1. With (1) in contact with a helix residue (DSSP H, G or I) (Cβ under 6 Å, 6 or more places away or on another chain); (2) surrounded by fewer than 22 Cβ atoms within 10 Å (Cβ to Cβ); (3) more than 10 Å from chain A (Cβ to nearest Cβ) as the list, and residue B:24 as the residue in question, which single condition is left unmet?
2. Among the numbered criteria (1) at pLDDT 90 or above; (2) outside any helix (DSSP H, G or I); (3) over 17 Å from the mean Cα position of the chain (by Cα), which one does residue A:277 miss?
3. When you go through (1) assigned to a loop (DSSP other than H, G, I, E, B); (2) touching a helix residue (DSSP H, G or I) at 6+ places or on another chain (Cβ under 7 Å) one by one for residue B:92, which number turns out not to apply?
4. May I ask you to verify whether residue B:198 is in contact with a helix residue (DSSP H, G or I) (Cβ under 6 Å, 6 or more places away or on another chain), farther than 25 Å from residue B:5 by Cβ and touching a residue at least 24 places away in the same chain (Cβ under 8 Å)?
5. Give the residue, chosen from A:117, A:141, A:155, A:177, that is more than 10 Å from chain B (Cβ to nearest Cβ) and over 30 Å from residue A:96 (Cβ atoms).
6. Looking only at the stretch A:483-501, which residues are crowded, with 19+ Cβ neighbours inside 10 Å and assigned to a helix (DSSP H, G or I)?
7. Considering (1) assigned to a helix (DSSP H, G or I); (2) surrounded by fewer than 16 Cβ atoms within 10 Å (Cβ to Cβ); (3) touching a helix residue (DSSP H, G or I) at 6+ places or on another chain (Cβ under 8 Å), say which one residue A:296 fails and leave the rest.
8. Can you find even one residue in the stretch A:428-435 that is modelled with pLDDT of 85 or more and either in a loop (DSSP other than H, G, I, E, B) or closer than 23 Å to residue A:366 by Cβ (or both)?
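The values are calculated or read from the model by the stated rules, or taken from the named source; none is laboratory data. None of the values given here were measured: they were computed from a predicted structure. Neighbour counts are summed over all protein chains in view; Cβ atoms, including those assigned to glycine, are modelled from backbone coordinates with ideal geometry.
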């Protein structure tokens, strides 16, 4: 446990710097826009309702969705700007995170500005006009100073929201404290989650307290409190700045010591490191670590962007923001090729190998050799007792059995297909989070559960997957994909073709998923690498 | 000499004439009260003088110059104005409030400080009040600071919008004394808008009574008291009744 905390703490400084930088930049951008909107509202009070309405609607979009939406939006912008200006816009990482968070921070800032200006008494404004202040003097000398405490309150809310929401930037490939939280949740590494949350919360509390001090000082016209708040912010800036400089220094040392290998000629001259992507679950973290290590072994500079949203990952690859990652044939069939009718496993692979390069410039470098498919699972002893080996057997008994599924399964095409092809009708149907699903099975609350075929718990909990004899469920072969910018990477990893069978993947997954004697994805990847034939 | 002149001035809002056409001349040195019920157009009349409102027809002249001809803010800096409800700037000290117009005019700190000090004295306020915040003042004190602010840059024309509203009788009398004293000491032409005639009758040299945007009576306090129009009678009824009761008590 201590080692887990040490590892988690090691990840904090770099991400804390990125997190705070992103949050401050987003609120600064939002504040500029909000200032413009507030001035417009002050000049034309009629548009007030409209502006607050539009900004309010933005707020109702879940932050996670807002971030995910900015990715395709920026891709489109990039395509247009590249065509007409010859300049491409980065669609993954800092920019989409910045824009989405800025949009999200707009409401408290605009509302604080509008409420602040609205709070100035009419008699005060009348006096300001009556003694001969110009419109600008009135704003500068009277309205802004009087509105400042309420505006500060808005800034404070915006800052705290943004620091919280910035954890979601991980899903669009931007470094943040969310890296720890997302990785921890997927790997059930509570030390990571705890440290990530504590760091984000601590940051938010510190900034909130400092801004609160400034707000109270402005309200009570006590300059001491204002300066105390400012000092607290400066201290934070210096501390984080120190971390950032320290980090750069360490990086510099690392690069200097790595220069020896460069001189030996193995290192290839690449301007930017190769980006290995990973979606947001354990197996992806392990595979990304495996690929990254393999490429490093070939002298390449590699960066891992883990925790990508499922919808973002393929687009990121096709756009060249990510160079290589693992996805699954069944997912690509629908998401990348837009197919709905299922196809047999072999045909699906052939079509993907042919059409992904043509339509997206993406190449299938290797089929790793295992599937991570939806399946139905039972406890081995119980399945044997009931004489159930396949879904056909299950269909005959289902009327007396209860099924527990993960939350999305019942709305997926797979469930419709199972009901259609096998005529499955269960006595009971409930949905659980994946962690609790196995518990529902072992505790007897359910007889059958949905499972992923490469899940480590299948072997560990002595479960058996029921055979899909009629091929109702699509194949989910793990495919190593290479993006259009560095197609030569395919040759570097082609040796992985067919190398990882499902038993090996299950065991590696179990290493990072299990509660005791937990391994990091890098450790699991190293174990896996040892097992590989080449 | 004419300080203020309205020439067929008219204000229209939403297609309706809310003031005028109005012809009125105020002589230099006059202490003129503009009286009338709420909504009679008193404040509109006052605001035409320093162009916080613009006439839709006709002209308003101050010292012979059309107020529409120059910069509005510059015009207002040259005219003393005490807002309805006082409207002191709550984030500025008493001294900063009084010194607001000198600051806008770019006076030096020393000159401003001397003027603030003199005004506090004339308003019979303690010098120590200079550093206080408006929130710490009583209603009467705030009104006097408002009056001092209006006079800080030494205007020749003073506009007061309902200066006695929300003050108790004793404080009203004290403030009225200050206004009268300042009017004389600074050689002002003063226009006071009030809905209550009691103070106007005893202090003003001339009273203008308004109803529905028009002047219905205009004359000395004695002439107004003798006026037979219903609108004027309604306004003087309550001060007259009070005077009669007081006289009866003294007998």
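1. Here residue B:24 clears every test but (1).
2. Unmet condition: (3).
3. (2)
4. When the stated conditions are applied, residue B:198 passes them.
5. Answer to the check: A:117.
6. Correct list: A:489, A:492, A:493, A:496.
7. Status for residue A:296: all satisfied but (3).
8. The answer is no, given that none of the residues of the stretch A:428-435 is modelled with pLDDT of 85 or more and either in a loop (DSSP other than H, G, I, E, B) or closer than 23 Å to residue A:366 by Cβ (or both).
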